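Below is one structure, written out as structure tokens; comments come after it.
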Amino acid sequence: MSLSIAQRPTIVDLVFKPSLATDIALIAAGAGLTAVAAQLAIPASPVPFTFQTLVVLLVGASLGSKRGVLSLGLYALLGLAGIPVFAPKGDGSHVVGIDAFLGATSGFIFGFIAAAFVVGLLAERQWSSNVVKTFVAFATGSAVIYLIGVPVLANAAFEGSIVAAAQFMVPYLVWDVVKAVIAAGLLPGAWLAIKSLKK
């Protein structure tokens, strides 16, 4: 019996044979893709626009709850270790180490981990193979990120005002809806393509 992180199968399990080595590779790949997506940023203060959220939710949906949490947890640990994996500031520099977990955007880092878990759970129940369910799953994951990230942002940058922080995040919400629509088209299409190749 091969060792692997036991969970209900997701789309990657249609492609890769389950094993501990495969799980480790997928977890590392998810963290790496998230780091790359974070660098594709449109500078804004104190929160840049990035493709990071899209990749975070795709990682959760592709890897499932356990591997998704471990992947985004690894991503957070890389930043804590001083590697510039988080989105850059307006001047191109990166906040890393403990400072990244004390700043305005730190809540979003923890929100990524929680969102990957939630979206992963839904994916394990086959939500990522249906366009409408995929959109709902990604909208739910985005809501989790906001629920954790906005209060921290409010405390760090808006003198504790949740309303002011929420108003500031409205343009990001629109951006995240667009990303949820993109994902709703990508994942179900990938499911169909893989299943057709498996026949």
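The values are calculated or read from the model by the stated rules, or taken from the named source; none is laboratory data. For clarity, every value in this text was computed on a predicted model and none was experimentally measured. In this analysis, Cβ positions are derived from the backbone assuming ideal geometry, glycine residues included, and neighbour counts consider all displayed protein chains.
Within segment 13-29, residues that are over 20 Å from SER129 (Cα atoms) have Cβ atoms under 8 Å from residues that are surrounded by 13 or more Cβ atoms within 10 Å (Cβ to Cβ) and of a type in the set (Val, Ile, Thr) in these pairs: LEU20/ILE5; ASP23/ILE5, counting only partners at least 6 apart in sequence or on another chain. Hey, any hits in segment 145-165 for a residue that's surrounded by fewer than 18 Cβ atoms within 10 Å (Cβ to Cβ) and at positive phi? Scanning segment 145-165 turns up at least one residue that is surrounded by fewer than 18 Cβ atoms within 10 Å (Cβ to Cβ) and at positive phi.
Restricting attention to segment 51-58, does a residue exist that is in contact with a helix residue (DSSP H, G or I) (Cβ under 9 Å, 6 or more places away or on another chain), of a type in the set (S, T, N, Q) and touching a residue at least 12 places away in the same chain (Cβ under 8 Å)? Looking through segment 51-58, at least one residue is in contact with a helix residue (DSSP H, G or I) (Cβ under 9 Å, 6 or more places away or on another chain), of a type in the set (S, T, N, Q) and touching a residue at least 12 places away in the same chain (Cβ under 8 Å). Among the residues of segment 101-124, is any hydroxyl-bearing (Ser, Thr, Tyr), under 18 Å from PRO48 (Cα atoms) and part of a loop (DSSP other than H, G, I, E, B)? Yes. With respect to the conditions (1) over 18 Å from the mean Cα position of the chain (by Cα); (2) farther than 18 Å from ILE145 by Cα, GLY103 falls short on a single one, namely (2). Residues in segment 95-126 that are buried (at least 22 other Cβ atoms within 10 Å of the Cβ) and of a type in the set (Phe, Trp, Tyr) were compared, and the one that is modelled with the highest pLDDT is PHE112. Pairs linking a residue in segment 133-149 that is of a type in the set (Lys, Arg) to a residue that is surrounded by fewer than 24 Cβ atoms within 10 Å (Cβ to Cβ), with Cβ atoms under 7 Å and 6 or more positions apart or on different chains, are LYS133/TRP127.
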